[in-house]
Amino acid sequence: RWNQNVQVIWNVPSRKDDPQKEEVSALTKDYSGLKVVAFIGGLKIKKGFRLAIEVAAAVKKKHADPLFLFIGARQNEEEAAEPLIQAHGLKGSIRVLKWMPYRQMLAHLRHAQIGLALHRREAIYPFVSTGNGRKFFSYMQAGIPIIGPNFGEVGKAVPTADCGILVDTENVDEVSRAIQKLLDRPDESRRMGANGRRAFLEHFNWEKEEKKFIELVDKIAHHEISQPNSST
C-alpha cells in the first residue's frame, strides 16, 4: 500500500540440492521396513518439538511401527525431552539426528512417509507469510505429504499444492489423527507426496525465484524503477 516498487522473493530450496540416488540408497538399511514420520529444523518448543513427542506417544497406541525421526539442533531442549521420551516408553520409536548439511538431510527425508511442521501460535508463526515456511518446501522437495498449521499464512502452500493436511498444530489429538489417516491410507499419502514434489519442481524452487531476483536487480541497475514519493 505504501510503495508499489516491491518484489517478493520466496525462501525456497534449489533443485540442485536434490541428493543423488546413491546417497539415498546408502541409507536404505537404516529405514528398511519402517514407516517414518519426520520432523526437521530447530528442535525447540515453539516449533513443536515437545508436542511431537506427545504425538508420537498417541500414535504408538494405534500404530506400533512408526519411527519418529528428528533432524536438527536441539537448542537446549535435550534436558526436557529425554525424560519425556523415557516416560512415554518411546526410546525405540524416536531417533534424533544432529544438524547435517541440507542435501544429506534430504537423503534421509526420502525414506520418510510424512513430514511434520508443528508451529505454535505463541511464536511468530501466525504472522509468517507463505513464502517463508521453508520446511514445507523441503518436505515437498522430498516428495512426502505434510502435516502443518491451519492458522495464518505459513502453511498455505500445502492446500495450494494439495500435498498434505492442515490441522491445529497445538492439539495432540488432531495431529495424531492426521498421522494415522496418512498411515492408514498409503495411496492417498503417496498421491499428496507426488503432488508436493511436482509443485516443488514446477513452482516452489530457487531457480524460479532467482529469475525474479535477477530481473529486479537488472531493473535497479538500469534505473527502471522509480523512487517512492518522499512524502510517503
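The values are calculated or read from the model by the stated rules, or taken from the named source; none is laboratory data. Please read these numbers as outputs of a predicted model, since none were measured by experiment. Cβ coordinates were reconstructed from backbone atoms using ideal geometry, including for glycine residues, and neighbour counts include every protein chain displayed. Please note that ligands, DNA and RNA were not included when accessible areas were found on the heavy atoms of the full protein model with its side chains. Shrake-Rupley method; radii C 1.70, N 1.55, O 1.52, S 1.80 Å.
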**Prompt:** With respect to Met105, is the statement that it is surrounded by 16 or more Cβ atoms within 10 Å (Cβ to Cβ) and among the hydrophobic types (A, V, I, L, M, F, W, C) true?
**Reply:** yes
**Asked** Any idea which of (1) at pLDDT 90 or above; (2) in contact with a Leu (Cβ under 8 Å, 6 or more places away or on another chain) is the one Ser14 doesn't satisfy?
**Response** (2)
**Request:** Please verify whether segment 64-78 includes one or more residues that are in a helix (DSSP H, G or I) and either surrounded by fewer than 13 Cβ atoms within 10 Å (Cβ to Cβ) or free of Cβ contacts under 8 Å to residues at least 60 places away in the same chain (or both).
**Result:** yes
**Prompt:** Of the residues that sit in segment 145-177 and are open to solvent by 10 Å² or more (accessible area, probe 1.4 Å) and assigned to a helix (DSSP H, G or I), which one is nearest to Ala64 (Cα to Cα)?
**Reply:** Arg177
**Fill in**
Of the listed residues (Ser138, Ser93, Ser176), the one being among the hydroxyl-bearing types (Ser, Thr, Tyr) and without any contact (Cβ under 8 Å) to a residue 60 or more places away in the chain is Ser93
**Message:** When you scan segment 43-60, do you find a residue that is within 17 Å of Gln104 (Cα to Cα) and within 17 Å of the chain's Cα centre (by Cα), even just one?
**Reply:** no
**Asked** His119 passes all but one of (1) part of a loop (DSSP other than H, G, I, E, B); (2) in contact with a Leu (Cβ under 8 Å, 6 or more places away or on another chain); (3) crowded, with 21+ Cβ neighbours inside 10 Å; which number fails?
**Response** (2)
**Fill in**
Checked segment 122-133 for anything open to solvent by less than 10 Å² (accessible area, probe 1.4 Å) and not in a loop (DSSP other than H, G, I, E, B); matches are Gly131
**Asked** Taking segment 178-224 on its own, how many of its residues are crowded, with 18+ Cβ neighbours inside 10 Å, in a helix (DSSP H, G or I) and under 17 Å from the mean Cα position of the chain (by Cα)?
**Response** 12
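One line per residue, one yes/no per condition, for (1) modelled with pLDDT of 90 or more; (2) under 13 Å from Pro19 (Cβ atoms):
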{"residue": "Ile94", "(1), (2)": "yes, no"}
{"residue": "Leu97", "(1), (2)": "yes, no"}
{"residue": "Ala107", "(1), (2)": "yes, yes"}
{"residue": "Gln113", "(1), (2)": "yes, no"}
{"residue": "Leu118", "(1), (2)": "yes, no"}
{"residue": "Phe127", "(1), (2)": "no, no"}
{"residue": "Met140", "(1), (2)": "yes, no"}
{"residue": "Gly143", "(1), (2)": "yes, yes"}
**Test: Lys35 is over 16 Å from the mean Cα position of the chain (by Cα), closer than 30 Å to Asp184 by Cβ, open to solvent by 60 Å² or more (accessible area, probe 1.4 Å) and without any contact (Cβ under 8 Å) to a residue 24 or more places away in the chain** = no
